[in-house]
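Asker: My questions will all concern the structure given below.
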Amino acid sequence: MTVCIAHDYCTQRGGAERVALTLLEAFDDSVLVTSLHESRSTFAGFGDHPVRTSHLQRYVPLRHDPRRAFPLLAHAWDRITPPGASAVVCSSSGWAHGLRVPPGVRKLVYCHNPARWLYQAEDYFGDRSRAVTAAARSMSPRLRRWDRAAAESADLYVANSSAVARRIKAVYGIDAVVVNPPSALDPAGPRRAVAGVEPGFLLSVGRGRGYKHIDVVAEAVARHGTARLVVVGGYDGVETLSNVTRLQGVTDDELRWLYANAAAVVSLSHEDFGLTPVEGFGFGTPAVLLRGGGFLDSMVEGVTGVFAEAPTQEAFLEALEQLPGSFDPDRIRRHAVRYAPATFQRTIRALLAGEDTHVHAA
């Protein structure tokens, strides 16, 4: 079976990109198809596979921020074809599932979330200008038609969490199979200490998007007085708060060290699944997470961490008080085993081949 892996755009180092890379590694001689590829800002592993891009690749500003390509992406995906593939897996948050496949080519969509700009626009455009938001709304009716046709073209829809499966059902009327994504950061890999960072900090890992509420966590830590926060990624400004350190360009070796030396991984984000706490679990590190979304799939309350009841400073600080000394690193690591890449790859291969599995439909 010659398999093509399609991913929206490969321009950043996020959880969805780790999943796309794990999918590529699941199939011999697989090919990556994507609208935009920026090797300097995404995972180097993509370069180990043939990469086919759209005509948008020639425009450097779009590779730096794919949201600038918003009006062009649907048309770009309409023009991309899988190169001689007998099966296609689309790693999609709203664009890659639009890949057109020839008759007889099986198409599986692994959905990180239905198109956020159509169905959760306040999250996606929260930090954009009114003009950008207005332009996106004007395109919404046409894009909804395109998006629905793209979803209906799949032979099988797979959701990364129970929460996303419910959204898929509500938006498309499709019953999706739920397969949680893998933790692709191997805890056994090399670690390198981050200069100037002492162990015992809280760790936030994520891109700078308003719905991730990194600012709320940072402000709560500054208000706490003794807690320390390290933010990997995030957005400008959080590092000006007391007891907050912001890091960019972190390598996997450094990220392993951060996970291993953190007191907890923290997030008040409305996540579709949320890979960062799962990565932390592999190092025996507990989490403080918002009670909602994909975190309900991955968290075992009282075993792997605690929930904050709302994305507010007060709720976060209340949850933080429950953390010290109450978690067993070995139990947390045992929980993390279920998110092994090999298990994920085996399940996806079986689904693509049309075999029965023990995963459930939501």
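Asker: For segment 158-283, take the convex hull of the Cα atoms, compute a quarter of its surface area, and give me that in nm², please.
Answerer: Averaging across all directions leaves 8.4 nm² for the Cα convex hull.
Asker: Continuing with the same structure: Tell me, what are the semi-axes, in whole angstrom and largest first, of the equivalent ellipsoid of segment 32-175 as set by the roots of 5 times the Cα gyration tensor eigenvalues?
Answerer: Semi-axis lengths for segment 32-175 are 23, 21, 14 Å.
Asker: Shifting gears a bit: Per residue, how much accessible area does segment 212-362 show when a 1.4 Å probe rolls over the protein heavy atoms, in square angstrom?
Answerer: Per-residue accessible area for segment 212-362 comes out at 42 Å².
Asker: For segment 1-47, count all C-alpha to C-alpha pairs, find those more than 17 Å apart, and express that count as a whole percent of the total.
Answerer: 21 percent
Asker: Students often check this: by mean Cβ neighbours within 10 Å, which of 246-253, 147-154 ranks highest, and how do the rest follow?
Answerer: Packing proxy ranking, top to bottom: 147-154, 246-253.
Asker: Taking only protein heavy atoms into account and a 1.4 Å probe, give the accessible area per residue of segment 80-208 in Å².
Answerer: For segment 80-208, the solvent-accessible area averages 42 Å² per residue.
Asker: Can I ask one more? When ranked by the protection proxy of mean other Cβ atoms within 10 Å per residue, highest first, what sequence do the peptides 34-45, 53-64 form?
Answerer: Answer by packing, highest mean first, reads 34-45, 53-64.
Asker: What value does segment 22-87 have for Rg/Rh, both radii from Cα atoms and Rh as Kirkwood defines it?
Answerer: 0.97
Asker: Rounded to whole Å and sorted largest first, list the principal axis extents of the Cα atoms in segment 59-106.
Answerer: 36, 19, 15
Asker: So with the 1.4 Å probe, I'd like the accessible area per residue for segment 22-67, rounded to whole Å².
Answerer: Value returned for segment 22-67: 48 Å² of accessible area per residue.
Asker: Per the Cauchy relation, a quarter of the hull surface: what is the mean projected area of the convex hull of the alpha carbons in segment 234-327, in nm²?
Answerer: 6.3 nm²
Asker: When the helix-only estimate is applied to the chain (DSSP H runs of n ≥ 4, each -39,500 (n - 2.57), divided by the residue count), what is the mean residue ellipticity at 222 nm, nearest 500 deg cm²/dmol?
Answerer: Using -39500 (n - 2.57) per qualifying helix, the result is -9500 deg cm²/dmol.
Asker: What value in Å³ per residue do you get for the convex hull of the alpha-carbon atoms in the chain?
Answerer: With only Cα atoms used, the chain gives 133 Å³ per residue.
Asker: Hey, another quick one. Please report the carbon-and-sulfur percent of the accessible area for the chain; probe 1.4 Å, protein heavy atoms only, DNA, RNA and ligands left out.
Answerer: Carbon and sulfur: 49 percent of the exposed surface of the chain.
The values are calculated or read from the model by the stated rules, or taken from the named source; none is laboratory data. Nothing here was measured: the structure is a model prediction, and the numbers come from that model. So basically every Cβ, Gly included, is an ideal-geometry build from the backbone, and we count neighbours across all protein chains shown. The area values use the complete protein model at the heavy-atom level, side chains included, leaving out ligands, DNA and RNA. Shrake-Rupley method; radii C 1.70, N 1.55, O 1.52, S 1.80 Å.
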